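Comments concern the structure below.
The values are calculated or read from the model by the stated rules, or taken from the named source; none is laboratory data. This is a predicted model, so every value here is computed, not measured. Ideal geometry is used to build each Cβ from the backbone, glycine not excepted, and the neighbour counts take in all protein chains shown. Ligands, DNA and RNA are excluded from the accessible area calculation, which covers all protein heavy atoms including side chains. Shrake-Rupley method; radii C 1.70, N 1.55, O 1.52, S 1.80 Å.
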Amino acid sequence: MDKALLAFLIIPLFAAVLIPFAARYRPRMADILANVTLLAGLANLAWLALSPSMIASEFANLPGDGLSLLLVGAIYLVGLCVTFFSAWFLDENLPNRPAYYSLLLVSVAAMTGVVTSTDFFTLYVFVEVLAVTSFALITTDESFAGVEGALKYFFLTFPASALIIVGLAILMLTLGSLSYENLRIFMSSDIPAGPVTFGAALIMLGFIIKSGVVPFHAWTPDAYQGAYAPVSAHLAGIVTKISGVYALIKMATLLRFFDGRAQALSEMLMFLGLLSIAVGAIAALRQKDFKRMLAFSSISQVGYIVLAAGLGTPLALIGAVFHLFNHATFKTVLFLNSASVERSAGTTDMDKLGGLEHSMPWTSWTSVVALLSTAGVPPLSGFWSKLLIILALWESGLRTYAVLALLFSIVTLAYFMVMQRKVFFGKKTAAAESSPEVSAPLLAPAIVMCGLIVALGLLFPYFYTYLKVVAERIII
Amino acid sequence: MSSFAMEWYLIALLMFIGFYCMLVSRSIVRQLVGLEIVSKAAMLALISAGYWSNNLVFAQALLITMIVIEVVVVAAGLALLVKNFRLHGSADIWKLDSLKG
Amino acid sequence: MNDPRLVLFALTALFSIWAVMARSLLTSAIMLALVSVTVSLIFFDYGAPWAGVFELSVCAGLITVLFIGAVSLIRSEEEKHPESRARFYALPLAAAIFAIAGWFYLPPFFAEMAGWARPGTGGGTIGLALWDMRRQDLLGQVLMLAAGVFVIKSVFPRRTEK
């Protein structure tokens, strides 16, 4: 494990254990403690990555491989947005309030564990912790839909874990160890890779199920739609990305897809990626519910990341990592806004909503920024990551893939325009008449994230130097 | 026929039984039973791989962690089951169909 | 087939079929405990006593208790709407078809896989292995137990009288 980042795992764990005691008599203490912990962590991370000397030396002395630092940053950012939002969103007399914050912090700690692991079994352990916390978070508000989503998640994610374990067993048999480093060394040697890739394929299949890529996406929309509103932002923004997609990116680098040692696996991953871009986008066009549409859009965006990971060239990996980060920013904004709409108008059914831009201008415009970034409109950050992915595809001679990826990016714009027109623009409906703008603290996370989207888009050259360092370090 | 191959053949059979149970059953409890069987098969695969590749101690260390994980997972699953039962009054997974699209 | 370990494996498969087919959920839970017991005997036979002890006490003991507790909570309702048994009675048939069809392909495949094995160094004791090589997993275990406690607290909150 990255020793430098260990504190980011342990401190949230301590805070999580502390919260039930601190909040016994004053429930608000739970909010304060969770927010302070995550804010302090984020400030520390920003100092680690963005101190002047670090920028001056073009990120040459980053701790670890740089990827884990970036992802820990994303985790803390989304975690902070969600806890800050929850502090004002939660029902005053929700009985399990301290447990809710403890679970959020444990899930942040587990995600940090996932991205700093150096060994497949450790990865598996933390992914399981993450899954267990997710069920309880989904059912926070005790709604029917929440329990249903949680159960569907449960019964798809644990068979996937069993597949991962069998894959680990085969890897242990044929590799003699489970550490990333040994796999990397093995793959760069000349020993026939067949047996090891068979084990790796099983592990990958497990993580494909966990990340909700298309043939296995049955649980994703239900879990996102049924989840308690801020939790769906947490889940869609970061949890499923870290528990599934991160492992896929990691394996793409370790199996050295770029030098064609695991050709079949790489092609399968790319095909599934494209399939989920297509199916997610087309299904999103026909959705009636705001949150469910966002869930399908999330499947489609994960498709881009998986497609790029499957390609595995350095440029594609930069694109994949950047898109993962961007996905965390824009999906968090959109899901938090859907939570605001739910709070204000009382429904997320798009047929009942309409004309909310007059009464909720801030929510409306932050949504516009986020959806333009998702669709890849310059100069927002989403544009750059999609550009990198499509360029990488074109460069590797996969013209069809590149053109299709570009085409579905336009479909993305189309379904978001439909959504924006139905929910925010157009004529006011009965539900919109009585829905005031939510309070400023509820808007703050969305506005901060939008600022980040614009800033990352405009300051892309700096960010690109960072990503290049990351790509150089993870592909040796 | 080596002993290893026979062991893994039976592990595959065990896994088939578990997945079959998860596929055909409507009751959440029985799905959990299927899940338990699948995860037992996975554990056996791990220890068998450790034994035959001379990594037994390593495999044993992993198994202890896996057992701890499994107990928490089963507890979480049963907690969900009881909660679902309190809200819906049934433990039938196909009655959960409020979310569609 | 004279290897005692293979007999234990076959017994595990038998008990698991029984656990799936049992009409009452209580029998199912008890058969699951027997599956755990045979699995732990297999662990002992492999020479992994620590894993065996854990399996016996935690899986055969604790999980069975949890199962029986949950089943007894919901049993009355479950018995009012029994699910169709036909698909469960088909299990031995399906398992037999799988076993016979798999017989021709799986053992040769696994025998080939055994040929790929790259023996590790082995050695060491379990305590050292856990502490030296798997320290992160211990951290993961702590996190998992904390998560378990909070999950139970969150799913079954202590309601204040209001």
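Quick notes on this one:
- Accessible area (Å², per residue) of the range B:3-91, counting only protein heavy atoms and a probe of 1.4 Å: 18 Å²
- Other protein chain Cβ atoms within 10 Å, averaged over every residue that makes up C:35-43: 3
- Sorting the segments A:306-317, A:34-45 by their mean number of nearby beta carbons within 10 angstrom, highest to lowest, gives A:306-317, A:34-45.
- Per residue, the accessible area of the range A:3-474 comes to 30 Å², computed with a 1.4 Å probe over protein heavy atoms only.
- The range C:13-41-the range C:96-123 distance, computed between alpha-carbon centres (Å): 25 Å
- Scanning residues 5 or more positions from A:ASP119 or on other chains, those with amide H under 5 Å from its amide H are A:TYR180, with H placed 1.01 Å from N in the peptide plane.
- Accessible surface buried at the C:B interface totals approximately 6700 Å², computed with a 1.4 Å probe on protein heavy atoms.
- At least 18 Å along the helix axis (C-alpha) and Kyte average at least 1.6, DSSP helices within chain C: C:4-21, C:25-46
- For the peptide C:125-136, the mean number of other protein chain Cβ atoms found within 10 angstrom of a residue's Cβ is 5.
- Chain B - percent of accessible surface contributed by carbon and sulfur, probe 1.4 Å: 63 percent
- With a 1.4 angstrom probe, the accessible area lost at the A-C interface totals about 2700 Å².
- All C-alpha pair distances within chain A, sorted into 20 Å bins from zero, spread as 26, 60, 14, 0 percent across the bins.
- Selection from C:LEU56, C:TRP103, C:GLY140, by position along the positive dipole direction of chain C (Cβ): C:GLY140
- Rounded Å value of the spacing that divides the Cα centres of the range A:351-430 and the range B:18-80: 42 Å
- Highest-first packing order for the peptide set A:453-459, A:463-469, C:135-141, A:228-234 is A:228-234, C:135-141, A:463-469, A:453-459, based on the mean count of other beta carbon atoms within 10 Å.
- Carbon + sulfur, % of accessible area of chain C - ligands and nucleic acids excluded, 1.4 Å: 70 percent
- The coefficient of translational diffusion for the range B:27-91, derived via Stokes-Einstein from the alpha carbon Kirkwood radius under 4 °C and 1.567 mPa s, stands at 98 µm²/s.
- Computed label-point distance, nm, for sites A:ALA43 and B:ASN54 using a 7 Å Cα→Cβ extension: 5.5 nm
- Cα pair count fraction exceeding 14 Å, expressed as % - the range C:1-93: 69 percent
- Computed over the Cα atoms of the range A:397-476, the ratio of the radius of gyration to the Kirkwood radius (Rg/Rh) comes to 1.14.
- Other protein chain Cβ atoms within 10 Å, averaged over every residue that makes up A:287-294: 1
- Acute angle (nearest 10 degrees) that the helix A:263-285 long axis makes with the longest principal axis of chain A, alpha-carbon atoms: 10 degrees
- Surface composition of chain A: carbon and sulfur atoms hold 69% of the protein heavy-atom accessible area at a 1.4 Å probe.
- Note, ³J(HN,Hα) from phi for the range A:146-151, Karplus 6.51, -1.76, 1.60, rounded to Hz, x at Gly and Pro: x, 5, 4, x, 5, 5
- Taking only the Cα atoms of chain C, the ratio Rg/Rh comes out at 1.05, with Rh defined as the Kirkwood radius.
- Each of the peptides A:369-382, C:12-25 was scored by the mean count of other Cβ atoms within 10 Å over its residues; in descending order, highest first, they stand as A:369-382, C:12-25.
- Label-point separation in nm, C:PHE156 to B:HIS88, each point 7 Å along Cα→Cβ: 2.1 nm
- Cα-based helix-to-principal-axis angle, A:381-395 vs chain A, degrees rounded to 10: 30 degrees
- Given A:LYS152/A:LYS250; A:LYS288/A:LYS352; A:LYS250/A:LYS468, the pairs whose alpha carbons are separated by over 20 Å: A:LYS152/A:LYS250
- Of all the options C:PHE43, C:PHE150, C:PHE104, the one that moves most in a Gaussian network model of chain C with Cα springs shorter than 10 angstrom is C:PHE150.
- Efficiency of FRET from Cβ geometry, A:ASP259 and C:PHE44, R₀ 30 Å, rounded to 0.05: 0.10
- Between the Cα long axis of helix B:3-24 and the first principal axis of chain B there is an angle of about 0°, rounded to the nearest 10.
- Accessible surface of A:ASP91 - all protein chains present, 1.4 Å probe, nearest 10 Å²: 90 Å²
- Interface size, chains B and A: roughly 3300 Å² of accessible area buried, both sides included, 1.4 Å probe, rounded to the nearest 100.
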